[in-house]
């Protein structure tokens, strides 16, 4: 019976807009959200196959892993990234979560390419590592670190309902937190003698403005590099950075090349 219900959910998921999981998380009242989440979590498998890769799922995360289970998680975005990546590229995944983009990239760039995946949350990081191990990737390095504008430590504030919504800003009264390691991408690239970076994906809940300030040398030395980033003005502002300055930096780096505005989620 459970398999039948799961098959029905997957079938429905094929016609569900990818914004629905976000809508459930942000808009539904708790008395409706809780049973919906509980039902969804009961169907989340240990692994799910996306294309040629397998992704390790957290059955306590109804948002990201629930959406992956239903096949509605960032379909347009993942398709675009797969189209842009080529064998031999170096891919940097900021906010890797359970490793969807990490795995897709690792499968495409191949043995001659490299993938560096950054995920500061302990639970997400464990599933990220499970994803990498499950697929047998030897071209991928996972780091339990957040990329920012300086090296040191900071705090990660947790979301109890959406494990893809942990943030580096928040209130102890509203969210629990833990200390995490911070590092600039410039520092990481220099200390690891990485000669080139071809593609950066950033989905770090408003910390994009800080991260881009910490990769000035990488931007300068890699004019060919492509950047795929979430743009959440309110979140960027809450970190003390300017959303306009963030966009100006991106536009300046593009140098007249392709600039795609796929969506603005908030």
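For the reader, a short list of remarks on this structure follows.
- Based on C-alpha pairs under 8 angstrom that are at least 6 apart in sequence, the stretch 74-254 has a relative contact order of 19 percent.
- Peptides 202-212, 135-145 ordered by average Cβ neighbours within 10 Å, highest first: 202-212, 135-145
- The stretch 183-259: C-alpha gyration tensor shape, a/c 1.5 cut-off, then a/b vs b/c: oblate
- Beta bridges by DSSP in the stretch 74-254, antiparallel share as percent, to the nearest 5: 25
- Net lengthening on full extension, residue 217/residue 155 (0.36 nm per residue, minus Cα-Cα): 19.8 nm
- Distance-filtered residues of the stretch 58-97 - backbone nitrogen under 17 Å, label point 7 angstrom along residue 112 Cα→Cβ: 85-91
Here, each number is a calculation from the coordinates, and none is a lab measurement. Everything quoted here is computed from the prediction, not taken from an experiment. Cβ: placed from backbone, ideal geometry, glycine included. Neighbour counts: every protein chain shown.
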